[in-house]
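Okay, so here's the structure we're looking at.
The values are calculated or read from the model by the stated rules, or taken from the named source; none is laboratory data. Please read these numbers as outputs of a predicted model, since none were measured by experiment. In case anyone asks, the SASA skips ligands and DNA or RNA and just uses the protein heavy atoms, side chains included. Shrake-Rupley method; radii C 1.70, N 1.55, O 1.52, S 1.80 Å.
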Amino acid sequence: MSAMRIAFVGKGGAGKSAIAGTFARTLARQGAPVLAVDSDPLPGLAFSLGLAIEDTPPIPDDAVRERREGEKGPRWRLRDDIDPLDAVDRWSVAAPDGVRFLQFGNIRGSGNNLWKPQMAFLQVVRALPPHRWNVVGDLPGGTRQAFTGWGHFADLIVVVVEPTAKSLLSGRRLARMAHTRDEGPAPRVVAVASKVREPADAEAVGRGTGLAVVGSVPWDEDLAEAERRALAPLDHAPQCPAVRAVESLVDVLCEERVA
Amino acid sequence: MKLAVVGKGGAGKTTTSSVVARRLARQGLPVVALDCDSNPNLGISLGVGDEETERLVSMRQALDDGREEHAPTWDTLLSRYGSDGPDGVRLAVVARIDNPDPG
């Protein structure tokens, strides 16, 4: 069985990072090799994994080279002498539960040259052999990146949707755009209902987005408190209902994969 | 007055913008609300509804697809691509949804 490649998308503030970080650690606890990837220029995944933001070093500019004349594809790419698996070993950092964390949305990097390492690292993730790493990605909020280069690595796109009009509209747009990916086969797109207060909320997410709802994460004060304190939900309140819901989501998606 | 509202996703930009816009309009000022978000939702918070919000987004999209002409002036832009919302706020969608990535 090939590894899981999953991208969490959705409107800003829907809970992508908290869910993605908890998802990655839960998967790793089951013994799977997990690479957590944050491509958001406003990094949030590190906190949700339980890393301080200072723990994530910027990627050096000299790891990247420009496209040569006559070459096709993206303008910035990883240097030829750097293997994608080695790149992960060199520039990812260790997170709790054995997760490796790779950040290419780092806004503290070198000003105008930020795109270089970001684009090269997108290609690293896409070029990884399918069996070595399970990839769990936290994509920037909104509708822009899910089906362009940022989301190419994923074969499963999970849209995180709150039961609010704006979040539902964003989810509907993402569902509509799923088949417009500019290369490769269309990914599977599903929804996770977030900040759910009553059963009707998850139903509203299914109806409003037209997507299958594979998980439902309840509104949870403990999760909100973890966010306020910049702590991983799994460290702050490992038994809280929201964490339990993400653990169930891991089980559901793993079982589906086996089936 | 020219006001831009920025911040992290989910912080309340759209809600804040819509309340400020309608409050100013209620005081009798002519107000234009510009949705510059690549995931434009301002119409929902202003109260023009899902359908009208999506109609404005699809008009903006039509520009990129070459199905619509660019507006030569600011006034034309607002009359052609805008919509009248509650309290007389004029809403226009400026951003498009599916930007290709750079590089």
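Annotations
- Value of relative contact order over segment A:129-259, rounded to a whole percent, pairs C-alpha under 8 Å and six or more apart: 18 percent
- Of all DSSP bridge pairs formed entirely within chain A, close to 20 percent run antiparallel.
- Rounded D (µm²/s) - the protein assembly as shown, Kirkwood Rh over Cα pairs, Stokes-Einstein at 37 °C, 0.692 mPa s: 153 µm²/s
- Å² per residue, accessible surface of the protein assembly as shown at 1.4 Å: 46 Å²
- When accessible surface is computed with a 1.4 Å probe, chains B and A are found to bury approximately 1900 Å² between them, both chains counted.
- Tilt relative to chain A, helix A:241-258 - C-alpha long axis, 0 to 90 degrees, to 10: 60 degrees
- Taking all Cα pairs closer than 8 Å and separated by 6 or more residues, the relative contact order of chain A comes to 26 percent.
- Volume per residue for chain B equals 119 cubic angstrom (convex hull of Cα atoms).
- Fluctuation leader among B:THR15, B:THR53, B:THR73 - chain B, Gaussian network, Cα springs under 10 angstrom: B:THR73
- Whole-percent carbon and sulfur share, accessible surface of the protein assembly as shown, 1.4 Å: 51 percent
- Here the contact order of segment B:1-92, divided by its residue count and restricted to Cα pairs under 8 Å and six or more residues apart, works out to 31 percent.
- Projected area averaged over orientations for segment A:187-259, convex hull of C-alpha atoms, nm²: 5.8 nm²
- Solvent exposure, largest accessible area first (probe 1.4 Å, DNA, RNA and ligands not counted), of B:CYS36, A:CYS254, A:CYS240: B:CYS36, A:CYS254, A:CYS240
- Counting only DSSP H runs of at least 4 residues, each contributing -39500 (n - 2.57), and dividing by the residue count of the protein assembly as shown, the helix-based mean residue ellipticity at 222 nm comes to -11000 deg cm²/dmol.
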